[in-house]
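The values are calculated or read from the model by the stated rules, or taken from the named source; none is laboratory data. Note that the structure is a prediction, hence the values are computed from the model and not measured. FYI the Cβ positions are ideal-geometry reconstructions off the backbone, even for glycines, and counts take in every protein chain you see. Keep in mind that these areas ignore ligands, DNA and RNA; they rest on the heavy atoms of the full protein, side chains included. Shrake-Rupley method; radii C 1.70, N 1.55, O 1.52, S 1.80 Å.
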Amino acid sequence: MRAASMLRCHRKHEFFQVNGTIVSLPYSDAPQGGITVTVQFPFVVFSADNGLVVKFDGQFSVFVFVPQSYRNIMCGVCGNFNGNPLDDYTTAS
């Protein structure tokens, strides 16, 4: 995925933007940046060529999936992906 990519999903999937431009779904900018956006009702699914997948229902639920290659190098609100859920919600030190 290009470092400068910005994805925006409007509530209830009324429109979708990539870098400020409204696009139709399904959307793909592969091979340039490897971003694919599809609808798997009730979710909009963002996929990147690096294995990152984000599912968003447009209101409340967000699911983030990363490949095993990100194990032990993650940090932030989604946890650190080290297999121990007890230390996921801590601040960086």
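Picking from residues in the range 1-21 that are among the polar types (S, T, N, Q) and not in a strand (DSSP E or B), the one that is modelled with the lowest pLDDT is SER5. Scan the range 62-93 for residues that are more than 12 Å from the chain's Cα centre (by Cα), of a type outside the set (D, E, K, R) and in a loop (DSSP other than H, G, I, E, B) and the total you get is 18. Please go through the range 50-75 and pick out each residue that is at positive phi and open to solvent by 40 Å² or more (accessible area, probe 1.4 Å). Within the range 50-75, ASN72 is the sole residue that qualifies.
Residues that are of a type in the set (Ser, Thr, Tyr), loosely packed, with under 13 Cβ neighbours inside 10 Å, part of a strand (DSSP E or B) and modelled with pLDDT under 85: does the range 22-44 have at least one? No: zero hits. Looking at this structure, is SER47 of a type in the set (Gly, Ala, Ser) and either modelled with pLDDT of 90 or more or open to solvent by 80 Å² or more (accessible area, probe 1.4 Å) (or both)? Yes: the conditions hold for SER47.
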